[in-house]
Each structure stands twice: as C-alpha cells, then as structure tokens.
Amino acid sequence: MKRPFLFRARFVPCLAVLMTLTGVTACNSNTPAYCPGEARTSLDLTRSVRELFAQDPTITHNEMHPYLCLADEDTPAPKGYKPFYISHYGRHGSRTIHNDAPMVKVMKLMQAAYEEGNLTETGLRLYDTLMKVKVQTDGRVGMLTRMGAAQHAGIASRMYARFPGVFQGEARVNCRSTTVPRCIMSMANFTMTLKSLQPRLNIRLDCADSYAQWMNTKDPERTARVTRMVNEAFPLDDGPIVARIFKKVPDGGAKGFLLALFRTLAPGINLDDPVQGLGFFTEEEIMAVWARANTFSYMNNSNPAGIGHERMRIFTPLVDTIVVEADRALAAWQAGSCAAGVPAADLRFGHDTPLMTLISYFEFEDFPVGLTMEEVNDRFLDVRWLSKASNLQMIFYHKSPEGASGAATVEDDILVKVLHNEGEMRLKGLTPVSGPYYRWSDLRQALVSRADKYR
C-alpha cells in the first residue's frame, strides 16, 4: 500500500519557546513552496556526484541541502506482526546560515569593493544576491526557516499515516531536543502536527543542556585535526573567482574567498525566500569545494580508517540511551500496561554529527565503514545521509493474534525495521526474518557490542 504524502542562545525555560511557535504552520495548500520531501526524491543517490550534478547542481551542497525524502512503499511485515513503538532521532530542518563568520568575511570585501567601484558586472550581481541572503540572515543566524518547519511537519504526518496503530488513544509520546533553538522548533513543528492528527495523544516535550552529552557532543581537538588534514589534501584556488568578481585584487588580498563565498551562498536554498548562488561558480570550483566538504563530513563524523574509533566512542551514550529507552518501553508493553504511561514513541531532535555516527553504528548495507581519506569521495556521498531534517526511525513490531494482550508476546517475537529518511534499510551482518525486518534481540546485541568495543 502506498503511503500518502501529504546567534546561538540559551532558552530558559525551553518550553516557553514552544509556546511562541504556534503560529508556525505545517505544510498545507497555502504553502506549496515550503513542502520539500512530500514525495520520494527522484535522484538516484547511488550515482556519482558528477552524474547527480547534471540533474541537480545543488546536490553538491552536502549537509546544507534541503531534506531528501527516501520514502517508498512499505514492505509488508511478516504475517501477524503490527507496529507498536517507534524510536526516532531527527536532525533539525532547514535553517539559515549556521555561522555568519564566512558571510562577514565576504561582505567586508564586497562592501569595500562596491564603495570603491571595484566590482565587475558579475561582482555587482553577486553583491545584490548577497544582500538578499544578508537581509534574511541578520538576527536569525542558525534559525529554522519555514522550509525546515514544513519538513518536520511532513515527516510527522507520514509517520502517522504509515503507523497509525502506534498513536492510538492517549498514547504517550516522549520528545526531547537540545537547547539549540532550531532543534526546539523542529520538535515543536513535528509534535504540533502529530497532535493535530490525533488530539488525544499525551505528548511530553523537554529540552536540557544535559541532553547535549549524547545528542551534540563536541570534540574540538579532533575537528581541528581533521580540518588540517582536509585543508592539506584539498587546497583551493581563489584566483579565478576573485578575477571574475573584482576588477583588481582587494587590498590585503582575498585568501579564502572561494570557500567563504560558497558557505555563504549554499544555505540560501533553505531560506524563506530561497536564493540560488551556484551560478557564480564554475563546475570545477563547485566540485573542489564539494570534495573538501564531503571528505570532512566522513572523516570527522563517521568511522574512517585510523581515527574513526574516537568519534564512535563519543556517541556511545546516544546508543546506550536508545537501547535503554527501547528496553524500558518494551518491558512496560509486555507487562500489559497499555495505559497512557507506556511510551508509544521516543522522539529525539538534534544535529547532524550524532546522526552520522549513529548511522555508522547501524552499519547499513550501503553505508561504507572504515574508508581512508583517499577512498571517501569515490564511495561516500554526504548529502545521501545528512540532508536537512535527516532522520533515523526504528519501528518495533509485535506478533499478537487479534484480541490478544501485549503480554502474549515474548522478547524474540519483537521485530524491528530501520528507516533512514523514511526509506527501509538493510543491515550488515544480521539475518532478517524477512525483507527489512530483524529481530530486536539481534539488532540490540549488535548495537551493544559495537558500543562496548568503542568505549
């Protein structure tokens, strides 16, 4: 059956922010421009980046790309099995520029050149384009856009449409986010949509600085080391683009202009009034920046050869949390406690780095583990895994005859299907019961053993 597709700051208390978001609407007929991912992406993400670039140049935006929905028809579950619990981790949706340092650098050069008459015709067009980005970014650095809000509303509506049995009656839905505003707003739009579809749901919202310990852990030393490695391996030539934009090289030079400009313009496709900026770059310049960013994403956030264990170790608490909360929900359900106190879903809203590491833990069949830096760009495509609003869902199934209680199901009867960006995934090293359906006991053991190995 086909699915219907329908300035960093501390916010205290966090729930007060949620009360201000009720004016943000989900996808509907009045906001068609802000409903990406309402159907499966038409891109074949197994193809090379050059081939994909010919179809959609924005694919080179990597993790800055709007949501790429991979949803397709559900493979029927084994006979007698029904979904009853969902464990979810979602990245925040589309946002404005994450860090305004590149934009400040670019605008300083461009403003001076504009006032001095030092811009070419291309430079003048670029100046106008940058002003469109700036006006939508000032005072809103890192904030969720309407597109990002719509992405989470769409994911929530499809989740409900696919698994309505999970959200029956006063089912409890536990929701947590980091204290970063774009994550709180993503959670708000997701849960408001669920509540509009099923008003009786018992939804509990929370955010805390402590959640960053397993949803947004930082490792500045490692990141700096990977940055140095990537900078050395992928030097960029600023000369050609500087010559196209400026009549003469600005006083003091324009070192780093190419990368700073790309980082300023690329997020523009996520804005409320989207800005397309790729036309200012040559294809080779775009590919050079893409190769650098694509390599950095894998080497810093995943499980590469040599240094991967460090990142995996940092996010063992995230794996522990998912396993413990699933065990708790299943134990309550198996005890027959089908009241509002039994979680029907645990929904978590965070960032790209932990999601990529979590994907590494699951070891999907088409996700490469243990690549060297030289192998990354031939075998890994960042946007495939980390577009805006990317998510991982674990759908738990029980086998219970019609009319039987939850207590009739034993642990080995619990199956789980893993979705990435709403598409069914196959797992390395595990034998499915059928299709994408695995025994939870097998997947649980795999996750726990991998976490123990990296501690």
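The values are calculated or read from the model by the stated rules, or taken from the named source; none is laboratory data. Bear in mind the structure is a predicted one, so any value in this text is a computation, not a measurement. Because the Cβ atoms are built from the backbone with ideal geometry, glycine has one as well, and the counts that use them run over all protein chains shown.
Structure values in brief
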item	result
Those helices (runs of 4 or more DSSP H) lying entirely in the range 302-372 with at least 1 residues under 27 Å from Gly148 (Cα atoms) and aliphatic (A, V, I, L, M)	316-334, 352-362
Per-region count, the range 138-179, residues under 30 Å from Gln213 (Cβ atoms) and more than 21 Å from the chain's Cα centre (by Cα)	6
For Val135: the one exception among (1) part of a helix (DSSP H, G or I); (2) buried (at least 17 other Cβ atoms within 10 Å of the Cβ)	(2)
Close pairs from the range 112-129: first over 9 Å from Phe246 (Cα atoms), partner in a loop (DSSP other than H, G, I, E, B) and of a type in the set (A, V, I, L, M), Cβ under 8 Å, at least 6 apart	Thr129/Val275
Enumeration of residues in the range 138-171 that are part of a helix (DSSP H, G or I) and among the basic types (Lys, Arg)	Arg146, Arg158, Arg162
Subset of the range 169-183 (residues that are farther than 20 Å from Thr353 by Cβ and charged (D, E, K, R))	Glu170, Arg172
For Asn174: the one exception among (1) crowded, with 16+ Cβ neighbours inside 10 Å; (2) modelled with pLDDT under 95; (3) not in a helix (DSSP H, G or I)	(2)
Hits in the range 427-455 - residues which are in a loop (DSSP other than H, G, I, E, B) and surrounded by 14 or more Cβ atoms within 10 Å (Cβ to Cβ)	Leu430, Pro432, Val433, Gly435, Pro436
Conditions (1) crowded, with 22+ Cβ neighbours inside 10 Å; (2) under 25 Å from Tyr298 (Cβ atoms): number failed by Val106	(2)
Flag if Gly306 is modelled with pLDDT under 95 and more than 21 Å from the chain's Cα centre (by Cα)	yes
Residue that is out of contact with any helix residue (DSSP H, G or I) (no Cβ under 9 Å at 6 or more places or on another chain), in a helix (DSSP H, G or I) and more than 21 Å from Ser94 (Cα to Cα), where the choices are Lys195, Lys255	Lys195
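Yes or no, residue by residue, for (1) more than 20 Å from the chain's Cα centre (by Cα); (2) buried (at least 22 other Cβ atoms within 10 Å of the Cβ); (3) modelled with pLDDT of 95 or more; (4) under 30 Å from Ala153 (Cα atoms):
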site: Phe349; (1), (2), (3), (4): no, yes, yes, yes
site: Leu355; (1), (2), (3), (4): no, yes, yes, yes
site: Ile359; (1), (2), (3), (4): no, yes, yes, yes
site: Glu363; (1), (2), (3), (4): no, no, yes, yes
site: Asp366; (1), (2), (3), (4): no, no, no, yes
site: Asp382; (1), (2), (3), (4): no, yes, yes, yes
site: Lys388; (1), (2), (3), (4): no, yes, yes, yes
site: Leu392; (1), (2), (3), (4): no, yes, yes, yes
site: Ser400; (1), (2), (3), (4): yes, no, no, no
